[in-house]
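Step one of this worksheet: look at the structure below.
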Amino acid sequence: MLESVIINRRRHVGLQKVSALGGTVRSSIGPDKNYKFIQDETSGEAVLVGSCFRIIDNLELTCAVGQLVHETIRAHHKEYRTGTGCLLFLAGAWSRVALDCLHRGISVKYIITCMSEGIDICLDVCKKSSVSIKDLSVIQKCTQDLGLQRSEKPIKPNQETPNVREKCLNMSAQRKLKLSRHFCETKSEMSSTVLHPDAPDLPDVAVMAESLSHGCENAMRLAVQAAEMLLKMNRQRVSDRLFDISKVMTCVLPALPEDCSCVVEGCVVLLSDEQAAVSHGLKQRPLKVALVTGDLSQTYRHPGFKGLSGTRVHGHLDLSASSKEDEWLDKVLKLLLSLEVDLVLTAGLASPKVIQLCCRHHILVVEKINPSVFTAVTSSTGAVPVSYATQLTEHCVGHGVKIEIWRDLGSYERKSLLAVNISTGGEGGLVTAVVTSCINGKLQALEDQFWACVYRLHHALKDGALLPGAGGTELLCVHKLLEQAEHRSKTGSDASFYRGLVFQLIADGLIDYITAITKGTQARTIVRKQLQDFHRDEIIAGKFLQLVLESEREDAVFSAVKPDKAPAVKVYDNLSSKQEAWRKALDLVFLVLQSDAEIITGVVQKTEENLMQL
Amino acid sequence: MSRLVKKSPSVCTDLPLNTTELCSKLQLMKELLRSSYGPTGRLKQVHNNIGGSVVTSSASSVLLQAISSSQPIINLIKTSILGHIHRFSDCGLFAAVFCLSLIEEAKQGGLRENVVIRVNNHLLTLCTDYLQQEDCSCKVRLDFCSSQSLVTLARSVISSKPTCVLTEPELVHISRLAVQAFLLTVPCNIPETVRLGRTVTVPLEGHSVLESAVFPGLLLDMPENLGPVHLCSPLCMVLFSASLAGDLSELGDGRIEMHSGVDTDSQILDQLLQLGKQVLNDEVKLFVCQKVIHPVLQHYLRCNGLIVIERLGVSLMEPLIQLSGAQPVATLHTNIPSTAYGRVHKVSIKQFGSKKMVHLQPAGETAVCSMILCHRNETMLNELKLVCQKTEHVLRLTLREPCALLGGGCTETHLAAYIRHKSNNEISKSSSVLGCTQTEYRLAAEAFCRSLELVAMALEHDGGSSLIDLTHAHHWILPSDATEEQPECVMRFCSCGAVESCQNKKWSYLNTKYAELSPAPLQTASPLQPTVLDSFTAKMNAFRVAVETANLVLDVKYVIQDFN
């Protein structure tokens, strides 16, 4: 008989676990990510992982907290493809906040209230410090003119202007000065852009791309190409303004150097020897295409079909399985030939026999096609997807797809490989990013990086705003939190003293995050110093950003990361991705903080502590 | 060669409640459920330890389903509480904690079981009689002219599950939606028999809770290849409950004999297409099937301009029948009678984030509505869905008896004070009727009252103390980190919010002996409205279930277990 077992967790092991998991991604956040190997001790196999999502995905986390973490990370990755490291790191940092509070005897209820207030302060900072994309393009267009003004308010002499100018003069005079919306120059293009605020109707993707690349310049270059290509192809379609990511695909090519990566119009797929021969004959003429959503084989049945189980057949003329298949093959081939189909795309698999037979009759069969290709082909050629090949009729066949030999890759692992490009032409076209690397293990990471960049651009356009990056937003939050904490501690009562303490701890978590992303050993002291300076000075967001920018430079020197070139580009982060990551991190901490026991419904290893049988 | 396996004899345990094993397990169960009780309760992670999904919850329905024991008595308690939850949805943890406290208190009192059982029954009648009284002062009548008290009731239910992780504005939003959905399911034009409608919950992960919404009509998952939708209105629809996948699923395990060379698949497909032709002739525009539709039939219907929706799922069948008036067709072997067709007034497509849904609106008023529930992650969304369904049930119960009980433990402390007072006054009469000594009666009554108070105390999990005021006998919580000398400065209101603290108010700690009092009724002219309310019907039944189960457990003399 199964007995439920209850594990009582008095020492808040759950929070410690989240904190430990948060620690594992320390080197996987920020612009300079380190790769990690995850090795399976039993099989000896190893994977190379470069992002937080892949780390958690490849670790087999069987404990309850581990699964909660996995679930949260997966949900965030699905929506944003970036920011999972930030999520997990902060979940770890804030778990330590909760643990610290518990050690000090603050009640769970109160910790939750205070931490919620803390995150509300941070989200408010996000809202206030976000830079709209329109402003951003204005700022980026500014050249090295030094007549700085605050752009939002009417032009007025500002006390700090000389100060800032001085700082800028100290820097290389050639360097672009890109700050926030608070600083803009008065002369040059300013007048024109301000006079026509709606002039950049199509947001300039390339402008944002630089500041969103976060160390993945190559991947971002591909993402920008993809976005621009799509924009050019679908210029007249209003709905496509926002970088329609459903029209982007990737094709991973091993054994080519990384600088061969590129973006191609259409859909690039890899073909085998036989298929390659057929495609040579089909290239550069409009083709008739059939779309099959199921598998291309005789035994395929649609999902939900159970078949007849209890049948008994009379008579001895029962057809054997092989003759049945032949009959089916014959039928399909006749149908395809009579419809003059040149190309069959199937979302499922195609049996080798079908592929061979079709090849002999100069029909190209390509399997495992992405559903968005179907959508594109349907909208451009009028083809109607069917589940079974036998279902095809004249009306289902589309016309006008083209095939090009994109590249002959020679032989790879003793099989020759040919990459062909299936282009639909017309509207609703697709683009494919071809990701290449000589190192097989790195391909996944490179593909992930590409998608991260694509999603960053997509969400930036969708949000219409960005946040100051490179820890800038976090630093503003730290400042605001500490300010509030100080304010609370002055009022004196116990309750507000604890509140101040919690705010301070949350701020510590954020400082830890800034330290981790800048990888600077001294970043913490710099942050502290800045905050001190900050208190003395008049508090103006623009001034603060200036300090942040400076810290990046200093930090670059300290940590010796690319010491030859100080960052010339202002770094920005995605607004919604960051806000969601913070919220999700806190939700995770709350769920774990409030859990006090596990109920195990299955078999239990007796090695665990604190087990109680019911 | 036959083999004889020796049967192990059955094991008989004498007076199971006296064994330390059972007592410690009962205590564990009580601790597990007690710690989950109320809005600040702790959560439990339920999983199978081999990588299965983890459910985080503090809901009695989840927790009780997860626990199973080698002790039949524990399973008995579990089943009886689950039975209550099944019928009333709410007050499961209350019933469980109360029941387990009654058993524990009775054991500690050391009284004869049959005396305890008789006194418990007597006091239960006392309680229920009092709660049924018109002038019972821990009961409030619900005013259906305003939504205020309904929202308060909904809010109390929703806020009792911290796994939902709701902020204040989110809590208000969801409470309002729950009431709105409930009101939409009550038909306006009442025929002879009132039939309540349905709320269909559609969970949507990854969005803010504030994006949750309620729509009249039904929202169905949109099929991928819907094709062009011509939204003419009103349109005729057909609904199949039989699978149209092309197999003979109604055959079950039966055997078919057939001649070779018969292609059953294509014959069934022909039959399906025949069906499609009829539907087309009858000018049906919306074709819905509970199960799978053969792709060829789907294709045929779509090409002829129909909206085809498959895999509706059994849970949506009943609401769709109510909405459209269609009769589900259970076979594909006969012509569809024209009476089976239903009507839908309007079909439109709604988009929520990346999810597209088909919105069906009824021709007349049918009291079916859909509730889109959004939350940031799966765990919290699952709990939110559970809680909203529970709220719907609780709100429906108010139609049976339009009243609610004061929440936050105030009803329990109030009842305890009332029973102490009442039983003391009638001690000589009651003890002679029940056939026990006055001391026994007093001890048993004390155990019953203490169990009630323990339930109220179970609401506090952060080290605070539970207090009772000596005028209205309401429940108050003094936070553990309160430093002020004057409790009236820290505690402004009682747990249910109906009583405000004032200068000359006197309190006593709940776990200490306090002067007996007859609880004063609330001032009727008081501007204070209770902020926490419990379902009257559910709590009344929970009282009965708890006492009856406890009595049964106390009455068990032997446990006989067969270990073969």
In this structure, does residue B:154 turn out to be touching a His at 6+ places or on another chain (Cβ under 6 Å) and in a helix (DSSP H, G or I)?
no
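Return yes when residue A:405 is assigned to a loop (DSSP other than H, G, I, E, B) and surrounded by fewer than 22 Cβ atoms within 10 Å (Cβ to Cβ) and no when it is not.
Here the answer is no, as residue A:405 does not meet what is asked.
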Taking residue A:408, is it modelled with pLDDT of 85 or more and more than 14 Å from chain B (Cβ to nearest Cβ)?
no
Would you confirm whether or not the stretch B:261-280 contains a residue that is open to solvent by less than 50 Å² (accessible area, probe 1.4 Å), modelled with pLDDT under 80 and assigned to a strand (DSSP E or B)?
no
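Okay, residues lined up against (1) within 22 Å of residue B:325 (Cα to Cα); (2) more than 12 Å from chain A (Cβ to nearest Cβ):
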position	(1), (2)
B:258	no, no
B:271	no, yes
B:276	yes, yes
B:281	yes, yes
B:285	yes, yes
B:288	yes, yes
B:294	no, no
B:297	no, no
B:302	no, no
Going through the stretch A:367-380 in order, the residues found to be surrounded by fewer than 22 Cβ atoms within 10 Å (Cβ to Cβ) and out of contact with any Ser or Thr (no Cβ under 6 Å at 6 or more places or on another chain) are A:368, A:369, A:370, A:371, A:374, A:375, A:378, A:379
Do the conditions hold for residue B:233, that is, is it within 42 Å of the chain's Cα centre (by Cα) and either among the aromatic types (Phe, Trp, Tyr) or open to solvent by 40 Å² or more (accessible area, probe 1.4 Å) (or both)?
yes
Can you tell me which residue among B:561, B:503, B:523, B:529 is surrounded by 11 or more Cβ atoms within 10 Å (Cβ to Cβ) and free of Cβ contacts under 8 Å to residues at least 24 places away in the same chain?
B:523
Quick check on my filter: what residues within the stretch A:66-85 are farther than 17 Å from residue B:208 by Cα, within 11 Å of chain B (Cβ to nearest Cβ) and open to solvent by 30 Å² or more (accessible area, probe 1.4 Å)?
A:67, A:70, A:74
Could you give every pair whose Cβ atoms fall below 6 Å, whose first residue belongs to the stretch B:380-394 and is more than 14 Å from chain A (Cβ to nearest Cβ), and whose second residue is among the basic types (Lys, Arg), counting only separations of at least 6 or pairs across chains?
B:387/B:161
Where residues in the stretch B:21-59 are of a type in the set (Val, Ile, Thr) and open to solvent by 10 Å² or more (accessible area, probe 1.4 Å), which of them is nearest to residue B:495 (Cα to Cα)?
B:40
Checking the structure you have, find out if any residue of the stretch B:519-526 is polar (S, T, N, Q), modelled with pLDDT of 80 or more and part of a loop (DSSP other than H, G, I, E, B).
no
Of all residues in the stretch B:360-379, which are away from chain A (no Cβ under 14 Å) and open to solvent by less than 30 Å² (accessible area, probe 1.4 Å)?
B:360, B:362, B:367, B:368, B:369, B:370, B:371, B:372, B:373
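Filtering the stretch A:100-116 down to residues that are part of a helix (DSSP H, G or I) and within 10 Å of chain B (Cβ to nearest Cβ), which residue is nearest to residue A:464 (Cα to Cα)?
This residue is A:116.
The values are calculated or read from the model by the stated rules, or taken from the named source; none is laboratory data. Quick caveat: nothing in here was measured; it's all calculated off a predicted structure. With ideal geometry, Cβ positions are generated from the backbone for all residues, glycine too; neighbour counts draw on all protein chains shown. Just so you know, the surface numbers come from the protein's heavy atoms only, side chains and all, with ligands and any DNA or RNA stripped out. Shrake-Rupley method; radii C 1.70, N 1.55, O 1.52, S 1.80 Å.
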